[in-house]
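Novice: Structure below; questions to follow.
The values are calculated or read from the model by the stated rules, or taken from the named source; none is laboratory data. What you see is a predicted model; the values in this text were computed from it and never measured. Neighbour counts are summed over all protein chains in view; Cβ atoms, including those assigned to glycine, are modelled from backbone coordinates with ideal geometry. Areas reflect the complete protein model, heavy atoms only, side chains present, ligands, DNA and RNA absent. Shrake-Rupley method; radii C 1.70, N 1.55, O 1.52, S 1.80 Å.
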Amino acid sequence: MKFLTTNFLKCSVKACDTSNDNFPLQYDGSKCQLVQDESIEFNPEFLLNIIERVDWNAVLSVASDLGNTALPPSKPVFPATADQLSEEDMTILRDLHTLLIQTSISEGEMKCRNCGHVYYIKNSIPNLLLPPHLA
Amino acid sequence: MLATPYIKCDYDKVYEPAEDSFLLLDSLEKEQQFLNERFHSHLSVVCELGPGSGIITTFMLQHGIPSKNKSIYFALDINPWALEATHATAKLNACQDKFLDTVQSDLTSSLRNKEIDVLVFNPPYVPADNVPMVPSFKDDIDEWVDLALLGGADGMVVTNKVLKNLDIILSPNGVAYILFCARNKPEEVVKGMKEKHGWKAELVEHRKAGWEVLSVYKFYR
């Protein structure tokens with residue numbers, strides 16, 4: 001599961017929807033195995049669109065769970081179109097490509113910060129199904 | 001006409017692509033321009049519920065629906081075999097260079113609310129006494145495929161869960177494509193969605209398949 005996907009996953013428990021703590025999930029850095037997958041090529045325009053859309057606080061939270069505390073505290077701002085990007089912008093975008101798209105969690109676990117329910121990632125596929133008594 | 005993905009799956013474990021899958025492919029092809037115009041200026045989040053073999057998600061990956069280099073794709077299935085099959089089908093069709101993740105999930109319960117721009121759903125629409133229980137083990141192979149077929153009363157129990165929550169599933173600009181069979185009474189369902197809940201709803205494609213009539217409707221604001 002790619003890092004960017006953590007920006008879209010919340011706890012499946014319906015009652016947690018009324019809490020602000022059901023997203024992002026809290027990833028257990030000591031149990032998450034990270035792999036780099038280079039099959040998606042760097043495309044600055046794609047990255048600009050992704051960054052416009054992401055919840056930056058959630059990016060920071062998951063990155064910090066996984067041991068990366070080097071990100072800027074607020075979402076980086078870029079020119080509107082790819083042809084106006086400076087060298088420095090490109091460097092930042094490449095780093096974000098590496099983090100958001102190339103970094104995958106192949107095995108791991110995460111929990112809801114509201115209800116504490118633990119979910120697992122196996123073979124890069126997260127399992128967000130609930131046991132029958134919670135579904 | 002857009003090419004159909006190559007598929008090579010174990011159909012004891014996942015739903016085999018059939019007329020319903022192909023009707024959805026034709027519907028998405030027909031809607032390509034509408035979707036591109038609606039979404040080309042921003043990132044779009046695409047979600048297929050119940051991808052089975054992965055044929056529909058792979059078709060969208062292959063042809064850049066809704067927009068090339070501006071879409072990310074999530075395929076959510078309750079059946080763990082379908083998630084593996086979806087990755088395998090994407091790979092077989094050389095789509096590893098596109099953004100796809102699969103999630104084992106009961107419908108959209110695991111995704112943040114109001115984030116999906118394009119939702120595609122070929123539901124379990126066959127009328128049956130009950131919606132089957134979720135199997136306890138991944139190796140209960142034949143039980144997983146039943147979940148892809150049987151939709152309880154009027155074949156609408158699962159589809160209704162999605163329609164009822166469409167407001168919190170879709171982004172404000174979002175569009176859902178949902179397949180129905182005639183026994184689901186789609187005209188009545190659509191009338192309710194329009195009149196009671198204020199959705200726009202249109203028939204995209206319909207086709208006679210054997211003794212069954214299938215239709216794809218789109219819902220949006």
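Novice: Just one of (1) in contact with a His (Cβ under 6 Å, 6 or more places away or on another chain); (2) closer than 30 Å to B:Met133 by Cα trips up A:Met110, so point out which.
Specialist: Every condition holds for A:Met110 apart from (1).
Novice: Sticking with this one: For the structure I just gave you, tell me whether B:Thr102 is of a type in the set (S, T, N, Q) and touching a His at 6+ places or on another chain (Cβ under 8 Å). Let's see the steps before the verdict.
Specialist: Details: of a type in the set (S, T, N, Q): yes; touching a His at 6+ places or on another chain (Cβ under 8 Å): yes.
So B:Thr102 passes the test.
Novice: For the structure I just gave you, tell me whether B:Ala82 is hydrophobic (A, V, I, L, M, F, W, C), crowded, with 20+ Cβ neighbours inside 10 Å and without any contact (Cβ under 8 Å) to a residue 60 or more places away in the chain. Outline the logic, then answer.
Specialist: Numbers: hydrophobic (A, V, I, L, M, F, W, C): yes; crowded, with 20+ Cβ neighbours inside 10 Å: yes; without any contact (Cβ under 8 Å) to a residue 60 or more places away in the chain: no.
Here the answer is no, as B:Ala82 does not meet what is asked.
Novice: So which residues in segment B:22-50 are within 24 Å of B:Val213 (Cβ to Cβ), open to solvent by 10 Å² or more (accessible area, probe 1.4 Å) and within 14 Å of chain A (Cβ to nearest Cβ)?
Specialist: B:Gly50
Novice: Further question on the same structure: Residue check, B:Val46 against (1) within 22 Å of B:Val126 (Cα to Cα); (2) part of a strand (DSSP E or B); (3) touching a residue at least 40 places away in the same chain (Cβ under 8 Å), all met but one. Which one?
Specialist: It fails just one condition, (1).
Novice: Right, another one. Of everything in segment A:23-41, what is in contact (Cβ under 8 Å) with a residue 40 or more places away in the chain and out of contact with any strand residue (DSSP E or B) (no Cβ under 9 Å at 6 or more places or on another chain)? Give them in sequence order. Walk me through how you get there before you give the answer.
Specialist: Going through segment A:23-41, the residues in contact (Cβ under 8 Å) with a residue 40 or more places away in the chain turn out to be A:25-28, A:31-38, A:40.
Across segment A:23-41, the qualifying residue is only A:Glu38.
Novice: Something else about it: Step by step: first the residues of segment A:3-31, then only those that are more than 9 Å from every other protein chain (Cβ to nearest Cβ) and part of a strand (DSSP E or B), then the one that is surrounded by the fewest Cβ atoms within 10 Å (Cβ to Cβ). Which residue is that?
Specialist: A:Gln26
Novice: Another question, then. Among the residues of segment B:134-145, is there at least one that is open to solvent by 40 Å² or more (accessible area, probe 1.4 Å), in contact (Cβ under 8 Å) with a residue 24 or more places away in the chain, part of a helix (DSSP H, G or I) and of a type in the set (A, V, I, L, M)? Walk me through how you get there before you give the answer.
Specialist: Filtering segment B:134-145 for residues open to solvent by 40 Å² or more (accessible area, probe 1.4 Å) gives B:134, B:136-143.
Now restrict to residues that are in contact (Cβ under 8 Å) with a residue 24 or more places away in the chain: B:134, B:138, B:141-142.
With part of a helix (DSSP H, G or I) added as a condition, the list becomes B:141-142.
Then keep just the ones that are of a type in the set (A, V, I, L, M); that gives B:141.
Yes, segment B:134-145 contains at least one residue that is open to solvent by 40 Å² or more (accessible area, probe 1.4 Å), in contact (Cβ under 8 Å) with a residue 24 or more places away in the chain, part of a helix (DSSP H, G or I) and of a type in the set (A, V, I, L, M).
Novice: Sticking with this one: For segment A:70-116, how many residues meet the condition of being open to solvent by 30 Å² or more (accessible area, probe 1.4 Å), over 18 Å from A:Gly29 (Cβ atoms) and outside any helix (DSSP H, G or I)?
Specialist: Here the count works out to 12.
Novice: State whether the residues of segment B:8-15 include one that is over 16 Å from the mean Cα position of the chain (by Cα), surrounded by 21 or more Cβ atoms within 10 Å (Cβ to Cβ) and part of a loop (DSSP other than H, G, I, E, B).
Specialist: yes
Novice: Looking at (1) away from chain A (no Cβ under 11 Å); (2) touching a Phe, Trp or Tyr at 6+ places or on another chain (Cβ under 8 Å); (3) among the hydrophobic types (A, V, I, L, M, F, W, C), which is the only condition B:Ile72 fails?
Specialist: With respect to (1) away from chain A (no Cβ under 11 Å); (2) touching a Phe, Trp or Tyr at 6+ places or on another chain (Cβ under 8 Å); (3) among the hydrophobic types (A, V, I, L, M, F, W, C), B:Ile72 is out only on (1).
Novice: Among the numbered criteria (1) open to solvent by less than 60 Å² (accessible area, probe 1.4 Å); (2) modelled with pLDDT of 95 or more, which single criterion is violated by B:Val131?
Specialist: With respect to (1) open to solvent by less than 60 Å² (accessible area, probe 1.4 Å); (2) modelled with pLDDT of 95 or more, B:Val131 is out only on (2).
Novice: Which one is surrounded by the fewest Cβ atoms within 10 Å (Cβ to Cβ) among residues in segment B:88-101 that are out of contact with any strand residue (DSSP E or B) (no Cβ under 6 Å at 6 or more places or on another chain) and at the interface with chain A (Cβ under 9 Å from one of its Cβ atoms)? So that I can check it myself, show each step before the final result.
Specialist: Step one: list which residues in segment B:88-101 are out of contact with any strand residue (DSSP E or B) (no Cβ under 6 Å at 6 or more places or on another chain), which gives B:88-89, B:91-98.
With the extra rule that they be at the interface with chain A (Cβ under 9 Å from one of its Cβ atoms), the set shrinks to B:96-98.
Working: B:Gln96: 13, B:Asp97: 11, B:Lys98: 20.
Ranking the candidates gives B:Asp97 first.
Novice: Then there is this: Considering only residues that are within 14 Å of chain B (Cβ to nearest Cβ) and touching a Leu at 6+ places or on another chain (Cβ under 6 Å), which ones fall in segment A:32-77?
Specialist: Scanning segment A:32-77 gives A:Pro44, A:Leu47, A:Asn49, A:Ile50, A:Arg53.
Novice: Among the residues of segment B:58-69, what is the count of those that are in contact (Cβ under 8 Å) with a residue 24 or more places away in the chain and within 14 Å of chain A (Cβ to nearest Cβ)? Give the derivation first.
Specialist: Taking segment B:58-69 and keeping what is in contact (Cβ under 8 Å) with a residue 24 or more places away in the chain, we get B:58-63, B:65-67.
Applying the additional criterion that residues be within 14 Å of chain A (Cβ to nearest Cβ) yields B:61, B:66-67.
Number satisfying all stated conditions: 3.
Novice: Still on this structure, I have one more. Among the numbered criteria (1) under 18 Å from the mean Cα position of the chain (by Cα); (2) closer than 25 Å to B:Leu35 by Cα, which single criterion is violated by B:Trp199?
Specialist: Only one criterion is unmet by B:Trp199, namely (1).
Novice: A further question on this structure: With respect to A:Leu71, is the statement that it is touching a residue at least 40 places away in the same chain (Cβ under 8 Å) and of a type in the set (A, V, I, L, M, F, W, C) true?
Specialist: On the way: touching a residue at least 40 places away in the same chain (Cβ under 8 Å): no; of a type in the set (A, V, I, L, M, F, W, C): yes.
It is false that A:Leu71 is touching a residue at least 40 places away in the same chain (Cβ under 8 Å) and of a type in the set (A, V, I, L, M, F, W, C).
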